[in-house]
Amino acid sequence: MAILTAVAVAARAGTFGNPNIHVDEQFYLYVARRMLEGARPFVDVWDRKPIGLFALYLPAAALPYSWSIWAYQALALVAVVATGWLVMRIAQVVGWGRGALAAGLAYILLLNWFGGQGGQAPVFYNAPVALAMLLILRGGARRELAAMALIGLALQIKYSVVVEGVFAGLCILWRHWRAGERGGLLRRAVLLVLVALAPTAAVWLWYAAQGQSAAFVHANFVSILQRGGDPAAPRLALLLTLLGWMAVPVAMAVMGLRGGDAGGRRFVAGWLAAALVGVAVPGGWLLHYALLVMLPVSVAIAGLFCVRPRLTIGFLVVAALVGQGVLSSNRQGRGTPAAFDALAARLRAPPPGCLYIYSGPPGLLDASGRCASSRYVFPAHLYRIHESRAVGVDQAQEVRRIFARRPAVVVLRPFSPGERPEIRALVESRLASAYRPLPPARLGSETLQIWVHR
């Protein structure tokens, strides 16, 4: 554990205290802070992520803003180390004990390749998933139920876990089938499903008790199915980028699927296949979607160490170096903490009033201390093509409502692929009629426009 902790700290140190690691994490922290003020996700602040993800940020959100950044990153660090340790334990159970440390280190180092250097959802849900898989490998009726309960908790962090959850349940049923326990198999399957769905059902009932069942169902389930697709060119670019980054780690994992316990080896191979399906299903193919795959990949790295130790050590060195290169590139491309803080300071200046971030980092709301202009705080929900029918409101009508409230300050980044030109045109027309531009702000590779109400 000490080695894992030291490596995790070294691998992630360059991000500590950085408020601008990723827009997703900024948004999770903002929603958690609003929850502490009494806001309800899906009702008062809209998003489709499960409530458990925002709940994980509550301890950090209770602190002053600058401390909260360090706090959520510390929580993420604990989750990473714990998951790395669980990866080691799984490798030992499978029969790859000699490569267990290599597996734990691989997990920690590979996170940086795929945007896992901060508090993305898989950084947190990989821990309960790993523990669930370890319990299934050990066997026993109580462990199996506990494993599905853990899958249920992970589902309330992000629903991407569903494919791994199905795999876990099928593995349990297959074990009982092979043991000749076939009479009560259907009853057992129903029990496993109910246990896994219990946390989601409990949250649903809580919203239903407040008369918000429809809001919960739409945000958590219906909106996922209503999402459209971005234009073909940017989608293809995302897919090729994702496949390119995943190719080497997955190839190393496949090479490692030798030796050890035959049943355990088949389990890891099936888990890897399920994780790959889990990446393909959402269709967005963002780089951080691959973080769930790095869990079974890292376990298989233990097998690789057992047969090709020098290759594995070389891979770990490359993984560390590439990971640091990614962090450095992200820091320059997305903007340094100093640049982010300087922009936030500018947004705190008069005039008083709310802030509308049409496009840009949502963390500027927290950092500037200004109120939001809409319950649709995550900018992409109101301008992306694939969100046009999925957010429960007409995007153009919501933008008009926002400007009718006369936000004091408006921020927007340059036009991006997948953005609806008509929504940007609407925003620009309203800015031209009632706002004046301030000098633009440079944040990483982009220049943000700042407009204030006249």
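The values are calculated or read from the model by the stated rules, or taken from the named source; none is laboratory data. Quick caveat, the model's predicted, so the values are computed rather than measured. Glycine gets a Cβ as well: all are built from the backbone with ideal geometry, and neighbour counts include every protein chain shown. Just the protein is used for accessible areas: all its heavy atoms, side chains included, with ligands, DNA and RNA removed. Shrake-Rupley method; radii C 1.70, N 1.55, O 1.52, S 1.80 Å.
Working only within the stretch 167-190, note down all residues that are of a type in the set (A, V, I, L, M) and open to solvent by less than 80 Å² (accessible area, probe 1.4 Å).
Initial filter on the stretch 167-190 (of a type in the set (A, V, I, L, M)): 168, 170, 172-173, 179, 185-186, 189-190.
Across the stretch 167-190, the qualifying residues are 168, 172, 173, 179, 185, 189, 190.
With the requirement that a residue be in a helix (DSSP H, G or I) and either open to solvent by less than 10 Å² (accessible area, probe 1.4 Å) or among the basic types (Lys, Arg) (or both), what does the stretch 149-164 give you?
In the first step, residues of the stretch 149-164 are kept if they are in a helix (DSSP H, G or I); the result is 149-155, 159-164.
Those that are in a helix (DSSP H, G or I) and either open to solvent by less than 10 Å² (accessible area, probe 1.4 Å) or among the basic types (Lys, Arg) (or both): 151, 152, 154, 161, 164.
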> Can you name the residue in the stretch 210-250 that is hydroxyl-bearing (Ser, Thr, Tyr) and open to solvent by less than 50 Å² (accessible area, probe 1.4 Å) and is also nearest to residue 280 (Cα to Cα) among such residues?
Replying inline: 223
>> I'd like to verify a number: residues in the stretch 44-87 that are under 20 Å from residue 299 (Cα atoms) and free of Cβ contacts under 8 Å to residues at least 40 places away in the same chain, how many?
In response: 1
> For residue 278, which of the numbered conditions (1) open to solvent by 10 Å² or more (accessible area, probe 1.4 Å); (2) modelled with pLDDT under 95; (3) on the phi < 0 side of the Ramachandran plot fails to hold?
Replying inline: (1)
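Within the stretch 139-146, identify whether any single residue is at positive phi and modelled with pLDDT under 95, and answer yes or no. Before the answer, list the steps.
Applying the first criterion (at positive phi) to the stretch 139-146 yields 139-140.
Of the ones still in play, those that are also modelled with pLDDT under 95 are 139-140.
Within the stretch 139-146, one or more residues are at positive phi and modelled with pLDDT under 95.
Would you point out which residue out of 393, 377 is buried (at least 17 other Cβ atoms within 10 Å of the Cβ) and of a type in the set (A, V, I, L, M, F, W, C)?
Values: 393 fails: buried (at least 17 other Cβ atoms within 10 Å of the Cβ).
Being buried (at least 17 other Cβ atoms within 10 Å of the Cβ) and of a type in the set (A, V, I, L, M, F, W, C) holds for just one of 393, 377, which is 377.
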>> Suppose we filter the stretch 385-422 for residues that are over 21 Å from residue 346 (Cβ atoms) and either basic (Lys, Arg) or in a loop (DSSP other than H, G, I, E, B) (or both); how many remain?
In response: 15
> Just checking, how many residues over the stretch 333-389 are without any contact (Cβ under 8 Å) to a residue 12 or more places away in the chain and touching a His at 6+ places or on another chain (Cβ under 9 Å)?
Replying inline: 0
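Somewhere in the stretch 312-322, is a residue surrounded by fewer than 15 Cβ atoms within 10 Å (Cβ to Cβ), of a type in the set (A, V, I, L, M) and within 24 Å of residue 163 (Cα to Cα)?
No, because not a single residue in the stretch 312-322 is surrounded by fewer than 15 Cβ atoms within 10 Å (Cβ to Cβ), of a type in the set (A, V, I, L, M) and within 24 Å of residue 163 (Cα to Cα).
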>> Just to confirm my filter: which helices (runs of 4 or more DSSP H) fall fully inside the stretch 1-77 and include at least 3 residues that are touching a His at 6+ places or on another chain (Cβ under 7 Å), small (Gly, Ala, Ser) and at pLDDT 95 or above?
In response: none
> Can you spot a residue in the stretch 54-69 that is open to solvent by 10 Å² or more (accessible area, probe 1.4 Å) and among the hydroxyl-bearing types (Ser, Thr, Tyr)?
Replying inline: yes
